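Bear in mind that the values in this text are calculations on the coordinates, not laboratory data. From a predicted model like this one, the values you see are computed outputs, not experimental measurements. Cβ placement follows ideal geometry from the backbone for every residue including glycine, while neighbour counts extend to all protein chains displayed.
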């Protein structure tokens with residue numbers, strides 16, 4: 001999807017691409033929604049609204065970053081989302097941060113500093129959008145994981161597209177232009193990839209702990225970095241790649257540690 005966003009951004013503003021992502025994504029989900037009449041319940045709309053709001057901000061930020069920043073940099077910053085989620089849970093929900101979690105957070109944010117290198121690497125609009133997206137995604141991930149334990153994972157995915165379709169259209173109208181013919185294939189592909197991604201991610205979190213899901217993001221980091229080099233001629237230094245590895249490693253450690261604590265709590269209970 002990130003590769004298709006970059007190609008579509010050659011023709012359209014990223015805000016308009018977000019709208020078509022939601023529009024075509026919802027079209028791909030319609031057979032599932034129509035075939036399961038009880039899947040979308042109006043009484044659950046408010047429950048999903050908080051996640052949809054953060055998801056809207058995160059999607060707008062991510063798409064803008066992918067269109068306007070080096071892919072590996074945008075993805076490395078995107079990986080800090082679970083770190084922001086852990087920090088937010090401590091501040092808002094009062095969760096305890098033990099020494100191991102604090103060390104993992106410190107390592108992760110140190111990795112982000114390696115990627116950003118304040119004062120040496122320009123703080124572009126694309127990089128800033130990636131940071132805003134990571135903070136919003138942190139909340140969205142926490143909300144998704146709480147929802148999939150109660151709601152059907154398919155409903156969680158569908159509500160995401162339904163609730164942010166109108167806000168994304170309003171944002172797109174400010175930069176609207178009729179997509180040229182070469183862009184339509186990319187836009188349909190982005191919608192399809194987004195629909196599949198949301199369905200499989202919510203399903204994964206409903207079946208497995210995050211510690212089993214997050215390591216697969218190593219594959220995404222490799223694919224996106226390779227795409228940046230091979231398709232778009234981007235060049236990355238060792239510090240950027242090392243920073244991305246530190247960020248991803250710390251998020252996986254946090255997920256593994258959380259799973260261990262939950263198992264210990266169940267055994268003691």
(request) Quote to one decimal, in nm, the extra length available between residue 184 and residue 237 on full extension: 0.36 nm per residue of separation minus the C-alpha distance between them. (result) 15.7 nm
(message) With a 10 Å cut-off between alpha carbons and a GNM built on the chain, which of 24, 221, 232 moves the most?
(response) 232
(request) State, to one decimal in nm, how far the label point of residue 90 lies from the label point of residue 106, with both points 7 Å from Cα in the Cβ direction. (result) 1.1 nm
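Quick one: length gained pulling residue 128 to residue 216 fully straight, 0.36 nm per residue minus the C-alpha distance?
Here the answer is 29.1 nm.
Using R₀ = 45 Å, calculate the FRET efficiency as 1/(1 + (r/R₀)^6) where r is the Cβ-Cβ separation of residue 223 and residue 43; round to 0.05.
Values: r = 40 Å, r/R0 = 0.88.
About 0.70, to the nearest 0.05.
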(message) Can you compute the FRET efficiency between residue 113 and residue 34 using 1/(1 + (r/R0)^6), with r the Cβ-Cβ distance and R0 = 41 Å? Round to the nearest 0.05.
(response) 0.25
(request) Could you check which residue among 111, 185, 85 shows the biggest mean-square fluctuation in a GNM of the chain with a 10 Å Cα cutoff? (result) 185
(message) Please check: in the Gaussian network model of the chain (C-alpha springs, under 10 Å), which one of 112, 123, 60 has the largest mean-square fluctuation.
(response) 123
(message) Let me test this: with uniform point scatterers at the alpha carbons of segment 93-135, what is the Debye-based log₁₀ I(q)/I(0) at q = 0.21 1/Å?
(response) -0.79
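Exposure proxy check: 151, 43, 237, 73 ranked by fewest other beta carbons within 10 Å? Mind showing how you got there, number by number?
On the way: 151 18, 43 6, 237 11, 73 24.
So the residues, fewest neighbours to most, are 43, 237, 151, 73.
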(message) Give me the base-10 log of I(q)/I(0) for the chain at each q in 0.09, 0.11, 0.13 Å⁻¹, Debye formula, one uniform scatterer per Cα, rounded to two decimals.
(response) -0.41, -0.62, -0.88
